[in-house]
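We did not get these values from a lab; they are worked out from the coordinates using the rules stated. These numbers were taken from a predicted model, which means no experiment stands behind them. Because the Cβ atoms are built from the backbone with ideal geometry, glycine has one as well, and the counts that use them run over all protein chains shown.
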Amino acid sequence: MHLVQNWAVAAAVAAWLQTGAAAPSINEARAGPASCSTSSKDTYDYIVVGSGPGALPVADRLSEAGHSVLLLEKGPASSGRWGGTMKPSWLSGTNLTRFDVPGLCNQIWADRNGIACTDYDQLAGCILGGGAAINSGLYWKPHPEDWNMSFPAGWKNPDMQESVSKVFSRLPGTMYPSMDGKLYLPQGYNTISAGLTQGGWTSIVANDQNDQRNKTFSHTTYYFSGGERGGPMATYLLTASQRKNFAFWTGAAVKRVVRTGGHVTGVEVECSGGTTTINVTPNTGRVVISAGTFGSAKILWRSGIGPKDQLNVVKQSGDGATMVSSDQWIDLPVGYNLYDHVGTDLEIAHPNIVNYDFYAAYNRPASGDSQSYLNGRTGILTQAAPNFGPMFWDIITPSDGINRHLHWQARVEGSRSTSMTLTQYLGTGSVSRGRLTINSQLKTIVSTSPYLNNAGDVAAVVQGVQNLRDGLAKVSGLTWIRPSSSQSSAAFVNSIAANPGSRNSNHWIGTNKMGTDDGRSGGTAVVDTDTKVYGTDNLFVVDASIFPGHVTSNPTAAILIVSEHAVSKILALPFPAAAA
Ligand SMILES: Cc1cc2nc3c(=O)[nH]c(=O)nc-3n(C[C@H](O)[C@H](O)[C@H](O)COP(=O)(O)OP(=O)(O)OC[C@H]3O[C@@H](n4cnc5c(N)ncnc54)[C@H](O)[C@@H]3O)c2cc1C
Ligand SMILES: *[C@@H]1O[C@H](CO)[C@@H](O)[C@H](O)[C@H]1NC(C)=O
Ligand SMILES: *[C@@H]1O[C@H](CO)[C@@H](O)[C@H](O)[C@H]1NC(C)=O
Ligand SMILES: *[C@@H]1O[C@H](CO)[C@@H](O)[C@H](O)[C@H]1NC(C)=O
């Protein structure tokens, strides 16, 4: 067990002295992360791998239940709360980093060195907090069909309500991130929402009316709090860190689980100083992998769990000599069922729209903006770049009879200073899937693109574009840039390549699908409905990778809910669990 450190409180006090911010409260006392250690001989009831939205509720609830928990994160600290240091100079002397200030989130597109994972062919955050350290914080309650259309028994909408309540009581989210309750530069929101109203769409409050996602719109909701990013790192991780039976390490990359047949005894970890094995408590210890859609699949493959073709690639790689022998391999469809929201960008311009240069503000915000942010957490920098709003929804039922849920985000950016980009995301109900594989350098590759491989999916995307064009048809002064007014919606949709370069939304799911059809005997599932990997006693996966299908919400809320629900199942599972 590591020592409780008080540096974080000291840092908060220093920041308070310098900025006149509210005095840090006593319940911020907590233990910060320790560095990866090759000399530790401690064992833990649970090892949780990763620190994204999949990992943190699990780690918090397991430690709350009295189990000893070690959380292992491959990347460095992000938020100032946890000792992060990456920041522009106007934040020096404060407890804030670039990850804490919502208006700086776009910086990930300008500079992601030391933040983004380097062993995937897609973007993901390899840093404390995972994607929830770098994303835009968009956050809203899933629709009932999100659970009912693709999740298995025990994970249907009524089953999920208790976990939904738990998540939204800890992280209620907000439509008004500025501490003065005002929206800054709301012209984009005002223009689009007025247009949609004219077109017959209805205004809702996203998190109160989550069952109304058909031709509705809302202010964009975020998980932000106190004018800062907040989120799972400021809630679940904070309470976990206040317990003596919880420890977490940064710079700790898990290479593989160590197992004998289906029984996992620990994990092999790569620290900067070398490799070590951390064991779980004999007989009753468990490992929960929450390394994300790419990272969790990769750890399973390196542990000899997956389809033979991918395990053979690992066998030929630098891992080969120490890989678990092939008579111990567990043949599961890890990497199939890959999905991501299909993104389709439309662009309009309107003379009312006012653009804010968030990239310029990273190093040199207008002094009024930095002062209002630092002094009272108010102003444009409390809003996620590039100034979102509204969000809107549509449900389309193509001739195959399957409902397709579309959600849209509107953001103030584009080719002109009066542009907005309206992005359509196809989620719930979509049938298309792709495949993730690994290469001999142990890099994960989206080898089959998951976008628009199904006629009904294409029809829904085209109809959704048309519905929006019809909806906004009466807005005076609005110019369509993409598609141009002469292009048909079908021609426009077909003109955009259906590959990650043109369509990706960074909302990847599905590589370790949860289900009742055991993948070892021809089924499609990698984990069972307790989130336990088929063929193992004590290995679990809890993150976006277990989603059978997508949701119509951005993923963070749904992943937190899945994590709360999963940990209730794990805690209820008797020790030692019998092999499935
Ligand atoms: C730029 C961007 C913008 C986004 N915008 C939004 C948004 O506004 N709203 C929203 O809801 N979603 C958004 N998303 C998606 C959302 O952030 C992800 O869906 C979510 O973070 C996935 O959660 P996860 O727990 O499954 O995995 P992740 O968040 O990816 O977490 C996995 C963690 O595991 C760690 N890890 C990986 N491998 C290992 C290993 N071998 N050993 C130890 N640790 C390891 C990683 O470093 C990481 O911290 C965005 C994503 C990106 C990249
Ligand atoms: C910074 O300090 C303020 C004042 O104590 C606190 O409210 C806030 O949560 C802290 N933020 C971080 C990221 O530590
Ligand atoms: C979802 O499925 C469950 C179980 O099959 C059912 O009880 C429920 O009525 C369905 N719909 C909603 C909106 O929850
Ligand atoms: C969605 O709304 C349209 C009307 O715009 C309606 O025709 C359709 O049946 C609705 N779909 C669902 C699933 O409620």
Taking R0 as 25 Å, what's the FRET efficiency between K443 and T284 from their Cβ-Cβ distance, rounded to 0.05?
0.10
Listed residue (G549, L573, G535) projecting farthest to the positive dipole end of segment 492-580, Cβ model:
G549
Which whole-angstrom value gives the distance between the alpha carbon centres of segment 105-174 and segment 244-295?
23
Rounded to the angstrom and largest first, Cα extents along the principal axes for segment 492-580 equal 55, 30, 16
Output ³J(HN,Hα) for segment 188-205: one whole-Hz value per residue in order, computed from phi by the Karplus curve 6.51 cos²θ - 1.76 cosθ + 1.60 with θ = phi - 60°, and x for Gly and Pro.
x, 4, 4, 5, 6, 5, 5, x, 5, 4, 4, x, x, 7, 10, 7, 10, 9
Could you give the dipole magnitude of the chain about its Cα centre, charging the beta-carbon of Lys and Arg +1 and that of Asp and Glu -1, in debye to the nearest 20?
560
Computed [θ] at 222 nm, helices only, for the chain once each DSSP H run of length n ≥ 4 contributes -39500 (n - 2.57):
-7500 deg cm²/dmol
Once you have the alpha carbon radius of gyration of the chain, what is it after dividing by 2.2 N^0.38 Å, with N set to its residue count?
0.94
How much of the DSSP beta bridge set in the chain is antiparallel, as a percent to the nearest 5?
70
